[in-house]
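Below you'll find the structure, written out as C-alpha cells, and then a few comments.
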Amino acid sequence: MQNYSTKELSNIIYYKLNESKTYLQNYWNNKNSFHADFFYIDDLLPKNITEEIYNILLKMNKTLWNKNTSFREKKKGFFELDKVNVLISNVTEAFHQPNVINIIESITEIKSLEADPSLYAGGISMMNKDDFLNPHIDNSHDRKKKKYRRLNLLFYVSPKWEEKMGGNLELWSKNVKERKTIESKFNRLVVMNTNKYSWHSVSKVKVEQARCCISNYYFTKNSPENKEYYHVTSFNGRPNENVKRIYCLFDNFFRQQISNLFKISRGKNLIRK
C-alpha cells in the first residue's frame, strides 16, 4: 500500500471538511439539550487507508496496550505511536496540522486552538466485547494544567460497524438522564465540544470484534468561561445505576481534592514520549 505522508493525509482531511463546511457549521450551531455541540462527517479518508489503519491496530503487540479496568471504564489505550507502523503516526499527526486545525476553528468558531503532540488522554483506543466507558466529563485541562480542553476529535476505523453492535458514542443531558447515540461508524469523524456539561460515554460492546478509535484533543490557553477553573475527569452512572451514581459522587470528590492538594493530573505520565 502507498505510504501516505502526514501532509497528504492532512490535505485529504482538510478538503473533506472544507467541502462540507457550511453544512457542518449549521450542524454545530444547531443547539440541543445535550450540552455538547458536535458535528460528524463520514468517509473522511479513502476507504483503503482506513481499512489499513484498522488492520495494523489488530496486529499490534498486545503488550503495548495500556489496560483500563474499573467501575468507570473497561478499554485499552495506546499512545506510543512511534513504536508501530508509520501510517498510525501520520494519520494522528494529520489532525495536528495547521490546515486541519484552521478549518475546524472556522467550523466551530473557537479561535486559537492548539493540538496536543503528547496525546494526553488521547491516542488510540480499542474496545472488545463487554468493554464500555461510563458517562463522564473530560478533565478540563492538559496534563500541565496550562491549557483548557475544548474539542474532542474521534475518528472511528472499525469496518462494517453498526449501531446494534454497541460501542457507540453517547451524549447525555446535564442530569445524565437523556441520551443521544452517535454510531461509531467506520471512517466517521466526530468533533464534539468538551466542557463542564459535556457528559458522554461509550455503550458496552456486544460483539466479538474490536472497536477502534483514534482520539485527539484541541486546547486553548484562554478559559472558555472567561474565568479560571479546573476539574478532574468526572464519572457518573447510567440512569438505572443508582448505586454507581452515588459512588461516583464520592469518587469524583476525593479525586478532585487529591488533584488540588498534590497538583497532579490523572494519568499524566501516560503520554507520547
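Can we say K76 is touching a residue at least 24 places away in the same chain (Cβ under 8 Å), closer than 30 Å to R245 by Cβ, of a type outside the set (A, V, I, L, M) and out of contact with any Pro (no Cβ under 6 Å at 6 or more places or on another chain)? Quick ask: steps written out before the conclusion?
On the way: touching a residue at least 24 places away in the same chain (Cβ under 8 Å): yes; closer than 30 Å to R245 by Cβ: yes; of a type outside the set (A, V, I, L, M): yes; out of contact with any Pro (no Cβ under 6 Å at 6 or more places or on another chain): yes.
So K76 passes the test.
Go through segment 9-58 and give me each residue that's modelled with pLDDT of 95 or more, crowded, with 16+ Cβ neighbours inside 10 Å and among the acidic types (D, E).
Result: E51, E52.
If you go through segment 168-187, how many residues are buried (at least 22 other Cβ atoms within 10 Å of the Cβ) and under 13 Å from the mean Cα position of the chain (by Cα)?
Going through segment 168-187 one residue at a time, the tally reaches 3.
In segment 210-226, what count of residues is obtained for those that are crowded, with 18+ Cβ neighbours inside 10 Å and not aliphatic (A, V, I, L, M)? Lay out the reasoning, then the answer.
To start, the set of residues in segment 210-226 that are crowded, with 18+ Cβ neighbours inside 10 Å comprises 210-219.
Now restrict to residues that are not aliphatic (A, V, I, L, M): 211-213, 215-219.
Total satisfying the criteria: 8.
Can you name the residue in segment 59-73 that is closer than 17 Å to S201 by Cα and touching a Lys or Arg at 6+ places or on another chain (Cβ under 8 Å) and is also surrounded by the most Cβ atoms within 10 Å (Cβ to Cβ) among such residues?
At the first step, the residues of segment 59-73 found to be closer than 17 Å to S201 by Cα are 68-73.
Subsequent filtering for residues that are touching a Lys or Arg at 6+ places or on another chain (Cβ under 8 Å) retains 68, 71.
Numbers: N68: 16, F71: 14.
Filtering first and then ranking leaves N68.
For segment 184-215, which residues satisfy the criterion of being out of contact with any strand residue (DSSP E or B) (no Cβ under 8 Å at 6 or more places or on another chain) and within 21 Å of P239 (Cα to Cα)? Lay out the reasoning, then the answer.
Taking segment 184-215 and keeping what is out of contact with any strand residue (DSSP E or B) (no Cβ under 8 Å at 6 or more places or on another chain), we get 206-209.
Selection gives K206 alone.
Among the residues of segment 1-28, how many are over 20 Å from N216 (Cβ atoms) and in contact with a Ser or Thr (Cβ under 9 Å, 6 or more places away or on another chain)?
Number satisfying all stated conditions: 1.
The values are calculated or read from the model by the stated rules, or taken from the named source; none is laboratory data. Predicted model only: the values in this text are computed from it and were never measured. Heads up, the Cβs are rebuilt from the backbone with ideal geometry, glycines too, and the neighbour counts pull from every protein chain shown.
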